[in-house]
1. How big is the charge dipole of the protein assembly as shown about its Cα centre, in debye rounded to the nearest 20, if each Lys and Arg gets +1 on its Cβ and each Asp and Glu gets -1 on its Cβ?
2. GNM on chain A, C-alpha springs below 10 Å: top fluctuator among A:58, A:46, A:69?
3. Give the angle, between 0 and 90 degrees and rounded to the nearest 10, that separates the Cα long axis of helix A:76-87 from the longest principal axis of the Cα atoms of chain A.
4. Who wins for biggest fluctuation among A:237, A:37, A:100 in a Gaussian network model of chain A, springs between alpha carbons below 10 Å?
5. Whole-Hz ³J(HN,Hα) for each residue in the stretch A:198-204, computed from phi via Karplus 6.51 cos²θ - 1.76 cosθ + 1.60 with θ = phi - 60°, x for glycine and proline: what do you get?
6. Checking the a/c ratio against 1.5 first, then a/b against b/c, what shape does the Cα gyration tensor give for the stretch B:2-62?
7. With springs only between Cα atoms under 10 Å, which of A:89, A:11, A:132 fluctuates most in a Gaussian network model of chain A?
8. Mind checking the angle between helix A:165-174 and chain A's longest principal axis? C-alpha axes, 0 to 90 degrees, to the nearest 10.
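Nothing in this text is a laboratory measurement; each read-out follows from the coordinates by a stated rule. Since this is a predicted model, take the numbers as computed values, not measurements. All Cβ positions, even for glycine, are placed from backbone atoms using ideal geometry, and neighbour counts span all protein chains on display.
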Amino acid sequence: MLRIGPFEFSSRLLLGTGKYPNFDVQKKAVDVSEAEILTFAVRRMNIFEASQPNFLENLDLKKYTLLPNTAGAKTAKEAVRIAKLAKASGLCDMIKVELIGCQKTLLPDPIETIKASEELVKEGFIVLPYTSDDVVLAKHLEDLGCHAIMPGASPIGSGQGIMNPLNLRFIIEQTTVPVIIDAGIGTPSDAAIAMELGADGVLLNTAVSGAKDPIKMAEAMKLAIKAGRLGFEAGRIARKEYGQASSPVEGMSIG
Amino acid sequence: MEIVINGEKLEIPIDVATVSELLQHYGLNQKVVIVELNNEILEKGNHQETLLSNGDRVEMVHFVGGG
């Protein structure tokens, strides 16, 4: 069970809803992934196109928990406004604080992320900040009341996988709220490694939506996250420098 | 009456007096839409009683795909 604030989830995969080829593929990918938390962005509406379909309207909202993000915000003030807009929909209490500090790398601005998270915790939101893989920053975010910490594996949408497993492990070991590896996942093995490190969940989007077959990749990610989690719970063997035979050395019928 | 919606100046018919009627006017009343009026975010329950005035600045946002 993944527990975030007052919520409980059986799936440890959090799925983004951006950039799918079409709604039909997206719906099937979401179904197959068995994700229970879906991320969204908040944007201006085209008021002249009321008939335009919206993915959210085709979702069974009893089945899913919405995790809107503050993407697009460059300052804490802007992020807090987006969070409040999202909450005013009456559809969600959770917010992914996403404050990009560098447009080229899309890495987060730690100072604005701290400010926004602090304010949103005070306002009663369930706050999940996207952060860089800095253990001290993660500790600060936890101390100010964030409900989960979401360090990136590598830059958003880069598909580079887990660039610094050591830093992620430090964060996982020292954080008591859930740690969700967010951003940069490219393959099912990346997601499995994140879970083997002891992460409580993985948030990914492009790895599925940008795959040649998003539906198949959604299933692969679901299985990888389950496998990685089971592996973590089972406890891996110690690494040894030299070979150790699996078969008994005694009783061989040779010589 | 003239109001600004999502940064665009628009002429609104005289019979559109409330936020709720504005949403109906654009066929958005069944949509998930969040309204901000002059930098104040409105709760959904207040759309019906919130009156519009000439020169109001309205933001209408919704959820789109994102990660």
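1. It comes to approximately 780 debye.
2. Evaluated over chain A, the most mobile residue of the options is A:46.
3. So the inclination is approximately 80 degrees.
4. A:237
5. With coefficients 6.51, -1.76 and 1.60, one gets x, 4, 8, x, 9, 10, 9 Hz.
6. rounded
7. A:89
8. Here the helix axis deviates by roughly 80 degrees.
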